[in-house]
Each structure stands twice: as C-alpha cells, then as structure tokens.
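Take a look at the structure below.
The values are calculated or read from the model by the stated rules, or taken from the named source; none is laboratory data. Being a predicted model, the structure only gives us computed values, none of them experimental. Using ideal geometry, Cβ is built from the backbone for each residue, glycine included, and neighbour counts are taken over all protein chains shown. These accessible areas exclude ligands, DNA and RNA; they are computed on the full protein's heavy atoms, side chains included. Shrake-Rupley method; radii C 1.70, N 1.55, O 1.52, S 1.80 Å.
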Amino acid sequence: MKILLASLCVISLLVILPSVFSASSSSEDFDFFYFVQQWPGSYCDTQKKCCYPTTGKPAADFGIHGLWPNYKDGTYPSNCDETKPFDRSTISDLLTSMKKSWPTLACPSGSGEAFWEHEWEKHGTCSESVIDQHEYFQTALKLKQKTNLLGALTKAGINPDGKSYSLESIRDSIKESIGFTPWVECNRDGSGNSQLYQVYLCVDRSGSGLIQCPVFPHGKCGAEIEFPSF
C-alpha cells in the first residue's frame, strides 16, 4: 500500500511540475518590444501639467518612456519577477545618460528613480529571459540614440513650434529616417486640441534591432496634430 501511494505521489508530481515550469517560463516569454518615446512638451501641455526633475528642465527632445515586451496578439506580460527589484547600483554607470534621456516629468519633482523602478518592475522583469537589468536600460538608451526622432522630424520641416502638421507627414518622415513605420499616440492640450505625444517603434526580441511592428496599439489621432514647444 505504501509503495502504491508513493508511486501515485511521484506520478502526481510529474504531472504538476511541467505545468509549473511552463507557467514560470511563459511569464517571461514575449514576441517583441515596443520602444516608446514621449515628447515632453505634450506631456506638460495638458490640464494635468507636469513637474521638472530635481536636476532641472530636460532638454527639448523626445525622452524615453519605456521598453515594453509584447505579444503579437496585442497583449503583454507585466510584473514578471518580484525577486528582481530595481537596483540602482546595477546602472550606476548609466545614470548620467538616464537623467538626460529618460527624465521624469511626473509630480512631485523627482530624480527619475521612481520612474525607472516602475518601468523595470512592470516591464523589464518580463524581458529577463534575454536581457538583464543593466542591459535593459542600456538597450533603451542605445535605441534612443539610434532613432533620433526629433532629428527625423526637423529634417522634414516638422518643428516643435506649436503649429499643426499632418499625421501622415509625421509618420512618413520618421519612417523615411529609420526605415520602419512608427505608431503615433496623441493626447490633448489644455484646450482639447490633439497633439503629438508618444512614438512607438518595434524592436526584435533580442533588443538588438528595429523591426516592422507585428501589431499596433489601439487609439487614434486626428489628421492634423499639434507639435507643441517645450
């Protein structure tokens, strides 16, 4: 009888364990990244307003919002590993670049660390199967340099001057510069006008190169959108 019970326990474990390991690994599985950059003028030019970082007003340039693992069906994993919290010491060599390229605009004013912590713990932990914490932030910084959104727009005569530009011209100028179609997200200024807010680009699962987006987020901009100053 004892032998029978022991055999049944072993069989039960063999049935359960594969599903446990499958759930664990799938929590960090994904198909591609969204690399998201935001225009600070549009973040601040809303009824909600903004607060500059404790280091001062950021440069008038697109800032990193995040690097987000996603699935091809439009869903995404989040908060995948509570055992790997944000650790400032792992990115000590990146802090100068982080403050410049990944600034916080949330109120109250902060150093940026709360922002980076949120991005790592919600999104970065879901990419641990391919990149660690240092590589996660370093990859985003390299992608920002590589894409240079503001340069692509100003080269096409699209400037952050408060004027309106066609959504098509914004999208086309970025595509011409980087070779891939972006997805443009808009928000509303204090008067309710649609404005250029965030630009989504897609990155392969290794984080090494841009790709054509398998799927775009939901949302819609007007045919003409403002590009506010900052």
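When you scan segment 145-163, do you find a residue that is more than 14 Å from V36 (Cα to Cα), at pLDDT below 95 and buried (at least 16 other Cβ atoms within 10 Å of the Cβ), even just one? Talk me through it step by step, then tell me what you get.
Taking segment 145-163 as the starting set, the residues that turn out to be more than 14 Å from V36 (Cα to Cα) are 151-163.
Remaining after also requiring at pLDDT below 95: none.
Checked against the condition, which is being more than 14 Å from V36 (Cα to Cα), at pLDDT below 95 and buried (at least 16 other Cβ atoms within 10 Å of the Cβ), segment 145-163 yields no hits at all.
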Looking at (1) free of Cβ contacts under 8 Å to residues at least 40 places away in the same chain; (2) open to solvent by less than 40 Å² (accessible area, probe 1.4 Å), can you tell me which one C221 breaks? (1)
Can you name the condition, by its number, that L167 falls short on among (1) open to solvent by 40 Å² or more (accessible area, probe 1.4 Å); (2) more than 17 Å from F35 (Cα to Cα); (3) touching a residue at least 40 places away in the same chain (Cβ under 8 Å)? (1)
Within the set of pairs 6+ apart or on separate chains, which have a first residue in segment 111-126 that is of a type in the set (A, V, I, L, M), a second that is surrounded by fewer than 21 Cβ atoms within 10 Å (Cβ to Cβ), and C-beta atoms under 8 Å apart? A114/A106
Filter segment 91-137 for residues that are β-branched (V, I, T), buried (at least 20 other Cβ atoms within 10 Å of the Cβ) and either at positive phi or assigned to a helix (DSSP H, G or I) (or both) and give the result. I91, T125
Given the conditions (1) farther than 22 Å from K48 by Cβ; (2) in contact (Cβ under 8 Å) with a residue 12 or more places away in the chain; (3) of a type in the set (A, V, I, L, M), every one holds for L95 apart from (2)
Within segment 173-204, work out how many residues are open to solvent by 10 Å² or more (accessible area, probe 1.4 Å), under 20 Å from the mean Cα position of the chain (by Cα) and farther than 24 Å from F32 by Cα. 1
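For residues that are surrounded by fewer than 19 Cβ atoms within 10 Å (Cβ to Cβ) and either in contact with a Pro (Cβ under 9 Å, 6 or more places away or on another chain) or among the polar types (S, T, N, Q) (or both), tally how many sit in segment 45-62. So that I can check it myself, show each step before the final result.
Quick first cut of segment 45-62, residues surrounded by fewer than 19 Cβ atoms within 10 Å (Cβ to Cβ) only: 46-57, 59-61.
Then keep just the ones that are either in contact with a Pro (Cβ under 9 Å, 6 or more places away or on another chain) or among the polar types (S, T, N, Q) (or both); that gives 46-47, 50-55, 57, 59-61.
Of the residues in that region, 12 qualify.
How about segment 154-230: which strands (runs of 3 or more DSSP E) wholly inside it have at least 3 residues that are not aromatic (F, W, Y)? Break it down into steps so the answer makes sense when it comes.
Details: elements: 164-166, 183-188, 194-203, 224-226.
The strands (runs of 3 or more DSSP E) meeting that bar are 183-188, 194-203, 224-226.
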Quick one: count up the residues across segment 50-70 that are assigned to a loop (DSSP other than H, G, I, E, B) and polar (S, T, N, Q). 2
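Can you say whether A114 is among the aliphatic types (A, V, I, L, M) and in contact with a helix residue (DSSP H, G or I) (Cβ under 8 Å, 6 or more places away or on another chain), as far as the supplied structure shows?
Working: among the aliphatic types (A, V, I, L, M): yes; in contact with a helix residue (DSSP H, G or I) (Cβ under 8 Å, 6 or more places away or on another chain): no.
So A114 fails the test.
Residues in segment 5-57 that are of a type in the set (F, W, Y) and modelled with pLDDT under 50: how many?
Let us first name the residues in segment 5-57 that are of a type in the set (F, W, Y), namely 21, 30, 32-35, 39, 43, 52.
Now drop any that are not modelled with pLDDT under 50, which leaves 21.
Qualifying residue count for the region: 1.
Out of all the residues in segment 164-176, is one or more farther than 27 Å from D31 by Cβ and of a type outside the set (S, T, N, Q)?
yes
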With (1) under 30 Å from S191 (Cα atoms); (2) under 14 Å from the mean Cα position of the chain (by Cα) as the list, and Q47 as the residue in question, which single condition is left unmet? (2)
